[in-house]
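To start, the structure under review is shown below, and the notes come after it.
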Amino acid sequence: MQVHYKPSFLRALKKLPKALKEEAIEKIELFKDPKNHQQLKAHKLKGVFKKHYGFSVNYQYRILFLYLDKNKEEAVLLAIGDHDVYKD
């Protein structure tokens with residue numbers, strides 16, 4: 001899977017504590033292989049974000065993303081943060 005990054009995602013990732021940043025990068029690498037999506041608990045969101053998806057970095061932090069094609073071979077990572085990332 002090809003993964004793109006929204007500039008605001010990269011800025012937020014850069015601001016994370018080193019250990020959390022390393023964990024997020026590790027999860028992003030796992031995300032690149034669709035076979036790992038179940039392990040990452042990738043899921044479609046509801047409500048305002050009904051076209052978006054999310055997956056877990058750890059128990060607290062999530063990554064919000066969109067698939068760019070219907071075959072789910074390309075995605076863009078939009079935001080990273082705690083559950084507040086799901087708020088508009």
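The values are calculated or read from the model by the stated rules, or taken from the named source; none is laboratory data. This one's a predicted model, so the numbers in the text were calculated from it and none came from an experiment. Don't worry about glycine lacking a Cβ; one is built from the backbone with ideal geometry, like all the others, and counts go over all protein chains shown.
From the set of residues in the stretch 68-87 that are of a type outside the set (A, V, I, L, M, F, W, C) and not in a loop (DSSP other than H, G, I, E, B), which is surrounded by the fewest Cβ atoms within 10 Å (Cβ to Cβ)? Here the answer is Asp84. Criterion applied to Phe55, Phe65 was being among the aromatic types (Phe, Trp, Tyr), within 18 Å of Arg11 (Cβ to Cβ), in contact with a strand residue (DSSP E or B) (Cβ under 8 Å, 6 or more places away or on another chain) and not in a helix (DSSP H, G or I), and the one residue passing it is Phe65. For the stretch 14-29, filtering for residues that are more than 13 Å from Phe65 (Cβ to Cβ) and aliphatic (A, V, I, L, M) leaves 4.
So that you can scan it fast, the table gives a plain yes or no per residue for (1) part of a helix (DSSP H, G or I); (2) surrounded by 10 or more Cβ atoms within 10 Å (Cβ to Cβ); (3) modelled with pLDDT under 95:
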residue	(1), (2), (3)
His4	no, yes, no
Leu10	yes, yes, no
Lys14	yes, no, no
Glu22	yes, yes, no
Ile25	yes, yes, no
Ile28	yes, yes, no
Lys35	yes, no, yes
Leu40	no, yes, yes
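Residue pairs whose Cβ atoms lie under 8 Å apart, separated by 6 or more positions or on different chains, with the first residue in the stretch 46-61 and closer than 11 Å to Val85 by Cα and the second assigned to a strand (DSSP E or B), are Phe49/Leu64; Gly54/His43; Gly54/Arg62; Gly54/Ile63; Gly54/Leu64; Gly54/Phe65; Tyr61/Ile80; Tyr61/Gly81.
Of all residues in the stretch 23-38, those that are farther than 14 Å from Ile63 by Cα have Cβ atoms under 6 Å from Cβ atoms of residues that are assigned to a helix (DSSP H, G or I), 6 or more apart or on another chain, in Asn36/Leu30.
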